[in-house]
Amino acid sequence: MRRRARLGAAAVLLLLAGGGFVRSTTVPGHPDQGKPLWWKDPRVIYHVNASGFRSMPGCDSPAAAADLARRSVVAWSTAARAGEAAPCTSFRFVDGGDTARAELGYDGSPGATNVNLIVFRQGLCATLTSDPDCQGGDLGACIARHDCWSHDAALGGGGILALTTVTYRLDSGEILDADMEVNGWNGLPAPDLTGFYLTCADPPAPVCADPVFGQAGCVEIDVGNTVTHEAGHMVGLDHVCVASYPAPFDACPKVPSPSGPQEPVMAPSAAPGDTDKRVLKPDDVDGVCTAYPVSAGGCGCRSGGGGGALALAAAGWGLWRRGRRRQRTTAPA
């Protein structure tokens, strides 16, 4: 019988020699141990469910949010090193179209159909007190019915902007499934609003002024910024710039820009108005191109064979709150 292990909200990391990027591994909390997570087939088909998107007019429509999400994941498929026109990676995100599915995880049963999912949630499940399915320990039925956010409830609307859950083989690190959730607004006014106000405006649009909900033409929590980061987790990368990691796993390679030094896409937090993580930095490019080089036609990792135990890893992304210069990440990498 296969065993599934919940690795809490901890991410697992591996820093490859010669770069600051970090790869998820099979040993949580020990970046120098275990095997890196990897896709056997570097062509990963994903589907988008934007039916729960309520942050209008931050994005014109759910379809507009889904379109920006699709354009954002392409950054990893087209990663190229400075001065080179051709991608340096064999990894490809393949658009499988829209889906109505909202459930996460991997079903290993014979004949089961699994989907790599990008899904927009609407508000916190915990606030839906009229539905008894939303008050117990197993929120599966609640999520399926309401497409709600079932994770943290810190900072009012939830302290995590988005969360990616990866299912992989413990013996080899082979990724079997990856699902991204984006923690969106429930569409309600204060005091009943939960979730984050998601926007699609392209730079140089201004940062949304308080109160942000219901504004158009400005940037609060950028869909492109968020999805590009979470797609890196789907690739098999994890956070950089984590001060609690031992050296050299705490590396934070920044690049200069007119607005100041910019962290890699895989840094663990974002500020309202950020859009710079729509674009991969050299460290991010090194990560995907080292894991899935063009010459190998894949990641070059060796599989441990069929069967074996499965595990889940979850990596979340925190927010720098406006006016509170304190990082808040409730699912630390």
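Just so it is clear, none of the values below were taken in a lab; they were calculated from the coordinates. None of these values were measured; they are calculated from a predicted model. Note: ideal-geometry Cβ built from the backbone for every residue, glycine included; neighbour counts use all protein chains shown.
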- prompt: What is the Cα centroid distance between region 160-210 and region 101-127, reported in whole angstrom?
  reply: 14 Å
message: Once you place label points 7 Å from the Cα toward the Cβ at D60 and D210, how far apart are they in nm?
response: 3.2 nm
message: Can you return the aspartates and glutamates within cross-link range of K35? Criterion is Cα-Cα under 15 Å, with same-chain partners fewer than 8 residues away left out.
response: D171, E174, D238
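Given +1 on the Cβ of Lys and Arg, -1 on the Cβ of Asp and Glu, and no further charges, what dipole in debye does region 179-238 carry about its Cα centre, rounded to the nearest 20?
160 debye
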- request: Quote the charge dipole size of region 61-126 about the Cα centre in Debye, to the nearest 20; the model charges only the Cβ of Lys and Arg (+1) and of Asp and Glu (-1).
  value: 160 debye
field: Qualifying aspartates and glutamates (Cα of each under 14 Å from Cα of K277; at least 8 residues distant if same chain)
entry: D202, E220, D222, E230, E263
task: Would you mind computing Rg(Cα) / (2.2 N^0.38 Å) for region 151-291, counting N as its residues?
output: 1.14
task: Give me the distance between the Cα centres of region 44-84 and region 226-264, rounded to whole Å.
output: 20 Å
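Count charges around P261 for me, please; just the other residues with Cβ under 13 Å from its Cβ, Lys/Arg as +1, Asp/Glu as -1.
It works out to a net charge of -1.
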- line: re region 206-283: pairs of Cα atoms spaced beyond 14 Å account for a percent value of 65 percent
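Report the Stokes-Einstein translational diffusion coefficient (µm² s⁻¹, integer) for region 33-139, Rh taken as the Kirkwood radius over Cα pairs, at 4 °C with viscosity 1.567 mPa s.
77 µm²/s
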